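Before any comments, here is the structure.
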């Protein structure tokens, strides 16, 4: 069914993620971090996945644990929904502009975690959101989805635009990587026979 629901409960956070890779881009988010909700909505809409994220965290300290644990839980849900990865494209890529900003994301659902993150944000905060947490989110996600992701912001003057192009491009690249490859006929796209 390519669906998953994962809950992660620690002394710092309680996170539940539900996703459907065969969705229509619907999202519902209640993380306590409004900017992250906005970014997750970009992933759902541009990735054409249905995504729900509920989180309660120690936001009285800061948003770090909450954002990181959402990335971890989303990664676990993605890995579960993909199952044995038979018949998928495996690779995905996207360039997304937003006004002056342009980002590129390239994905390999390789079974190996790896993140190359090249985003030089023009300021430290978008509203109250610490832009350092964008990398933390993606690091948690790739570690637990067992995927390789290269993220490059190629240009941008506005930090909100930089971040938004990254999340939109991630959604578009993910959509490509997880979609069925009719020519693969249910095989695993690897010479190893497993991902």
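Test of understanding: what is the full-extension gain from residue 124 to residue 100, defined as 0.36 nm times their sequence separation minus their Cα-Cα distance? Walk me through the numbers before you get to the answer.
On the way: separation 24, 0.36 × 24 = 8.64 nm, distance 1.84 nm.
Extending this stretch completely gives an extra 6.8 nm.
One decimal place: the segment residue 132-residue 54 gains 25.9 nm when fully extended, by the rule 0.36 nm per residue minus the C-alpha distance. The distance between label points at residue 1 and residue 194 comes to 2.6 nm (points 7 Å beyond Cα on the Cα→Cβ vector).
What FRET efficiency comes out for the pair residue 26/residue 181, r = Cβ-Cβ distance, R0 = 35 Å, nearest 0.05? Walk me through the numbers before you get to the answer.
Numbers: r = 25 Å, r/R0 = 0.70.
Plugging the Cβ-Cβ distance into 1/(1 + (r/R0)^6) gives 0.90.
Taking 0.36 nm per intervening residue step and subtracting the Cα-Cα distance, what contour gain separates residue 112 from residue 93 on full extension?
Values: separation 19, 0.36 × 19 = 6.84 nm, distance 1.74 nm.
In short, 5.1 nm is gained.
How high is the relative contact order of the chain, in percent, counting Cα pairs under 8 Å that sit 6 or more residues apart? Answer for the chain is 26 percent.
Within the listed set 17, 106, 126, the residue fluctuating most in the Gaussian network model of the chain (springs between alpha-carbon atoms under 10 angstrom) is 126.
How far, in degrees from 0 to 90, does helix 64-82 lean away from the longest principal axis of the Cα atoms of the chain, to the nearest 10? In the chain, helix 64-82 runs at an angle near 10 degrees to the longest axis. Within the listed set 140, 92, 23, the residue fluctuating most in the Gaussian network model of the chain (springs between alpha-carbon atoms under 10 angstrom) is 23.
Here Cα extents along the principal axes in Å was calculated from the structure, and among (i) 48, 39, 28; (ii) 46, 35, 35; (iii) 41, 40, 35 it sits at label (i).
For the range 7-67, which semi-axes, largest first and in whole Å, follow from the square roots of 5 times the eigenvalues of its Cα gyration tensor?
Values: eigenvalues 102, 30, 9 Å².
For the range 7-67, the semi-axes come out at 23, 12, 7 Å.
The order of 148, 31, 10, going from fewest to most other C-beta atoms within 10 Å of their C-beta, is 10, 148, 31.
Every read-out reported here was derived from the displayed coordinates using simple, explicitly stated rules and does not represent laboratory data. Just so you know, these numbers come straight off a predicted model, no measurement behind them. A quick note on method: Cβ atoms are made from the backbone with ideal geometry, for glycine too, and the neighbour counts reach across all protein chains shown.
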